[in-house]
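Any read-out appearing in this document is the output of simple, stated calculations on the displayed coordinates, not a laboratory observation. Just so it is clear, the model here is predicted, and its values are computed rather than measured.
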Amino acid sequence: MGFSHEFAILHAGLPGNVYHASTTPVGLAIPIYTSVTPIVCLWNPIGSGKNASILNILVAYTSGTATYGAFGLSYVTNTGSAIGTGAVFSAFGSNTMVNGIVGGGAATVMRVATAGTTTLSTAPTAANWFYTLGNFNLEAATGTAHATYMPGSGANPQGAIIVPPGTAIWLCATLGFGRTLCSHFNLGRDTYLMLIQQGGNNGRN
């Protein structure tokens with residue numbers, strides 16, 4: 001029996017299991033993939049008892065000159081749940097995810113950083129990059145930048161990215177982008193789409 005993507009999101013959203021997180025609307029930089037200071041980061045700490053299903057990731061131009069290059073997601077595993085010396089994160093920024101039931105719903109056990117300082121204890125490499133979202137300035141690699149955003153087919157994963165406990169993902173780029181972009185995570189936790197594939201707790205907290 002098949003179910004539409006819209007039905008799956010509604011099934012997850014009505015019990016309060018869909019969440020949103022965004023940067024400031026004036027935009028933040030997207031760091032190069034080797035940076036130890038990700039700006040937009042989603043962390044599912046070990047012991048959460050939940051999977052995070054990424055429904056959508058939106059990136060929009062706000063101001064400044066965008067670098068020619070691609071952007072996507074990197075990941076790290078075995079993150080534990082602690083922050084500090086010897087941990088995967090020596091610092092982790094802040095934000096509060098907004099429940100899809102705006103003004104209501106339960107808080108998520110996921111951690112998200114779209115502000116403040118987030119620091120990885122070990123510098124990531126190309127091996128941490130696992131998902132390409134799109135690119136900017138596709139017209140030419142030289143000359144005047146036009147901040148043209150070309151989303152890739154992966155910009156709307158529709159639940160295909162599952163972030164299990166003890167894992168973190170963050171937005172990064174092949175080159176460091178300036179203060180030009182506004183980013184938004186759309187997160188479904190234990191969505192119906194996931195339950196069809198994996199089994200689970202019917203979206204309940």
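Miscellaneous remarks
- Gain on full stretching of the segment that runs from Val98 to Leu175 - 0.36 nm per residue minus C-alpha separation: 24.7 nm
- Prolate/oblate/rounded label for the range 14-97 (Cα gyration tensor, a/c 1.5): oblate
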